[in-house]
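Notes for the one structure printed next.
The values are calculated or read from the model by the stated rules, or taken from the named source; none is laboratory data. Given the structure is predicted, the values throughout are model-derived calculations rather than measurements. Note that we place each Cβ from the backbone using ideal geometry, even for glycine, and neighbour counts take in every protein chain shown. Side chains included, ligands, DNA and RNA excluded: accessible areas come from the protein's heavy atoms. Shrake-Rupley method; radii C 1.70, N 1.55, O 1.52, S 1.80 Å.
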Amino acid sequence: MRYFIDISYKGTSYHGWQIQKNAHTLQAEIENALFRLLGVQTPIMASGRTDAGVHAKQQIAHFDTAEAIDVEQLKFRLNRFFARDIVINSILEVKPDAHARFNATERAYEYYVNQNKNPFLQELSYYFPKPLNIDLMNQAASKLLGVQDFESFSKVKTDVNNFICNITRAEWQIENDSLVFHVTANRFLRGMVRALVGTLLEVGLEKITVEDFKKIIEQKDRTAAGDAAPPKGLFLSKVTYPSSLYSN
């Protein structure tokens, strides 16, 4: 039996999603909990890896069991097992060949920038008090839409066949006391969203123009783009799958 598990987490205390030697990771924490509750080693595969300090409103992973389980009972027991920074939202049975990573059709991220010092947002947003031209930032963000090569915003040493992504949403919005960058695509490269945010902030500071930003995309060179924004403001917010993957 295969199941999708829907997880929310605050990534502050973790060295990213993926299991690593001598590091506290989310994958290790969840696999350990499943082992203790199910009595067998239960590997999980996520929709994608989040870096150290990055959060998730919705991360999806799949795992297999030899026989059917009571999903509501397992959800309840897992939530009792975890610390407050991990929550299981749901566990759903899916088709045996459903894959959390390869079957995802869209992923959405949000990046939070806080321009007013706020002690309650220190671990959940990037404090950036300098004045920003949000209109210019949105003009630049619109240049990201469509199918393009985004090598300029990818970490240099990454094992991918290509740097092509299809971005369907890229915009900045003011939400309560935060400035939030919303970006949705079929896939993302390693470090891509943080590099986009760091470069768009340079547009907002009017250090580079919208035309400069477009040229950075075209250069396909990471050194042409700005510094990556800190991980603490980044949230994986939604992962989308075809409805046909679900058993019911």
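Look at Leu121 and say whether it is over 17 Å from Arg49 (Cα atoms) and modelled with pLDDT of 95 or more. For Leu121, the condition - over 17 Å from Arg49 (Cα atoms) and modelled with pLDDT of 95 or more - is not met. Restricting attention to the range 129-145 and to residues that are of a type in the set (A, V, I, L, M, F, W, C) and touching a Gly at 6+ places or on another chain (Cβ under 9 Å), the residue that is surrounded by the fewest Cβ atoms within 10 Å (Cβ to Cβ) turns out to be Ile134. Thr223 meets the stated requirement of being open to solvent by 10 Å² or more (accessible area, probe 1.4 Å) and without any contact (Cβ under 8 Å) to a residue 40 or more places away in the chain.
A quick yes/no check of all residues on (1) in contact (Cβ under 8 Å) with a residue 40 or more places away in the chain; (2) β-branched (Val, Ile, Thr); (3) surrounded by fewer than 18 Cβ atoms within 10 Å (Cβ to Cβ); (4) assigned by the TED database to the domain that holds Val156:
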| residue | (1), (2), (3), (4) |
| --- | --- |
| Met192 | yes, no, no, yes |
| Leu196 | yes, no, no, yes |
| Gly204 | yes, no, no, yes |
| Lys207 | no, no, yes, yes |
| Val210 | yes, yes, yes, yes |
| Lys215 | no, no, yes, yes |
| Pro230 | yes, no, yes, yes |
| Pro242 | yes, no, yes, no |
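Residues of the range 117-154 that are in a helix (DSSP H, G or I), touching a residue at least 24 places away in the same chain (Cβ under 8 Å) and among the hydrophobic types (A, V, I, L, M, F, W, C): Leu121, Ile134, Leu136, Met137, Ala140, Ala141, Leu144, Phe153.
Which is assigned by the TED database to the domain that holds Ala229 and surrounded by 13 or more Cβ atoms within 10 Å (Cβ to Cβ), of Gln148, Gln173? Every option except Gln148 fails the conditions.
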